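Below: the structure, in structure tokens.
The values are calculated or read from the model by the stated rules, or taken from the named source; none is laboratory data. This structure is a prediction, so every number in the text was calculated from the model and none was measured. Cβ: placed from backbone, ideal geometry, glycine included. Neighbour counts: every protein chain shown.
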Amino acid sequence: MRGLFHYILGARAVYALLWFYLSPLLPLMAKDLGVQEAQLGFLPAAFIAGAASMQIPASWIGAKIGDVKTAGAGLLLLGVGSALVGISRGWPEALAFRALAGAGAGLFFSTAGAALVSLRPERAGTALGWYNASFNVGALAGYYWGYVAAMANWRVAAALPGVVASAIAAPMLLQGGFKHEHKLDASAVALGLASFPIWGAVYAANSLAAAWLTYYKDVPPSIAGAISSASMASGLLGGALGSVYDKAGNKAAVLAGSAALSAASMAAVPLLPPTAVPAAVFAYGASYTVYITAIYAEGSKRGSPSSALAVINVVDMALGLNESYVFSYAMSVYPPLAWYTAAILALASSSAARLAEKRA
């Protein structure tokens with residue numbers, strides 16, 4: 001397929017939309033399905049549980065049939081699971097379909113990322129920077145999905161993007177490129193252990209910030225989604241954020257500094273009026289993008305890229321998913337506590353700097 005690099009980036013944007021498009025719909029879903037706010041964190045956690053379960057299998061399958069074809073199969077499963085959420089008759093059913101969608105996301109992530117590295121091997125950081133930028137652009141659209149629900153209803157808004165993703169998957173399923181050796185590197189586990197606190201903190205915040213603003217700042221769901229979308233606006237900076245890792249002489253400083261900025265920005269959110277929240281949300285989104293791109297680029301040089309990315313992500317997901325229901329429970333007890341907890345976790349991930357120092 002000509003233009004494969006850009007097609008994968010486009011697919012990544014659709015994939016990202018399906019990560020966060022339910023965020024502004026959560027209050028509507030909760031009202032319809034009879035769910036309390038303390039339980040909302042289980043929906044993003046179910047998605048991550050499904051995604052984590054397929055990270056290592058994705059690398060193995062990619063080694064057998066090719067990374068692009070495996071990523072296409074993942075996008076198809078993600079689309080089907082997402083479409084089914086729209087017909088859920090109860091909360092347990094919604095959780096099950098969301099976990100199914102997550103399994104598809106798990107098949108897509110490492111294999112699509114590894115394909116990009118194979119297409120741009122001399123500029124892994126920049127390629128993965130564009131990969132993360134595409135994620136941010138797609139997720140940015142997801143935060144405005146409350147307007148789609150306002151025009152139709154939450155069920156139509158939940159199902160429609162899943163149908164689109166399923167259609168986009170078809171050309172990738174016809175590709176078999178970039179088979180690789182399934183080789184695991186133990187150092188990738190260390191990168192995952194260092195990065196999971198900030199990964200989980202940012203995922204929880206991105207998934208639940210709109211609900212937090214609606215419940216505790218009296219912001220309408222559609223506007224709350226728009227405010228929380230600022231975390232993804234950094235994607236408009238494109239590969240420039242990814243190139244920070246490629247160009248930096250001090251890799252450790254990139255990791256430590258970006259984690260610290262994310263933490264400070266999260267801690268500021270409950271102290272600000274709604275009009276000022278977007279600036280803080282943008283700051284933690286941009287600094288996190290620099291951080292996680294550096295982690296992925298560092299990992300792609302340790303063992304095969306697909307295997308390394310899979311290992312890092314499975315550790316991030318398996319441990320980081322717990323932070324979603326910690327966030328939702330904390331906000332039901334004392335709203336600012338959710339953000340302060342996320343900030344402490346983000347700061348803990350500055351420990352990854354030591355790994356870069358040891359390798360330097």
Could you list all residues from region 321-342 that are part of a helix (DSSP H, G or I) and over 12 Å from Ala201 (Cβ atoms)? Tyr325, Ser328, Tyr329, Met331, Ser332, Val333, Pro335, Pro336, Leu337
Give the residues of region 313-331 that are over 13 Å from the mean Cα position of the chain (by Cα), closer than 22 Å to Gly102 by Cα and surrounded by 24 or more Cβ atoms within 10 Å (Cβ to Cβ), sorted by residue number. Glu323, Phe327, Ser328
With respect to Leu28, determine if the residue is in contact with a Pro (Cβ under 8 Å, 6 or more places away or on another chain) and either of a type in the set (Ser, Thr, Tyr) or in contact (Cβ under 8 Å) with a residue 24 or more places away in the chain (or both). yes
With respect to Asn206, determine if the residue is at pLDDT 85 or above, buried (at least 24 other Cβ atoms within 10 Å of the Cβ) and under 22 Å from the mean Cα position of the chain (by Cα). yes
Of all the helices (runs of 4 or more DSSP H) wholly in region 37-137, which have at least 3 residues that are closer than 19 Å to Ile292 by Cβ? 42-53, 55-65, 91-119
Filtering region 118-146 down to residues that are modelled with pLDDT of 80 or more, crowded, with 24+ Cβ neighbours inside 10 Å and over 16 Å from the mean Cα position of the chain (by Cα) yields Trp145, Gly146
Going by the conditions given, is Leu4 in contact (Cβ under 8 Å) with a residue 12 or more places away in the chain, over 21 Å from Trp145 (Cα atoms), surrounded by fewer than 24 Cβ atoms within 10 Å (Cβ to Cβ) and touching a helix residue (DSSP H, G or I) at 6+ places or on another chain (Cβ under 8 Å)? yes
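Quick grid of which residues meet (1) crowded, with 24+ Cβ neighbours inside 10 Å; (2) at pLDDT 90 or above; (3) not in a helix (DSSP H, G or I):
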{"residue": "Leu261", "(1), (2), (3)": "no, yes, no"}
{"residue": "Ala267", "(1), (2), (3)": "no, yes, no"}
{"residue": "Pro273", "(1), (2), (3)": "no, yes, yes"}
{"residue": "Ala279", "(1), (2), (3)": "no, yes, no"}
{"residue": "Phe282", "(1), (2), (3)": "no, yes, no"}
{"residue": "Val290", "(1), (2), (3)": "yes, no, no"}
{"residue": "Tyr296", "(1), (2), (3)": "yes, no, no"}
{"residue": "Arg302", "(1), (2), (3)": "no, no, yes"}
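Here is a yes/no grid of residues against (1) at pLDDT 95 or above; (2) under 18 Å from the mean Cα position of the chain (by Cα); (3) of a type outside the set (S, T, N, Q):
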{"residue": "Ala71", "(1), (2), (3)": "no, yes, yes"}
{"residue": "Leu78", "(1), (2), (3)": "yes, yes, yes"}
{"residue": "Trp91", "(1), (2), (3)": "no, no, yes"}
{"residue": "Ala103", "(1), (2), (3)": "yes, yes, yes"}
{"residue": "Thr111", "(1), (2), (3)": "no, yes, no"}
{"residue": "Ala115", "(1), (2), (3)": "no, no, yes"}
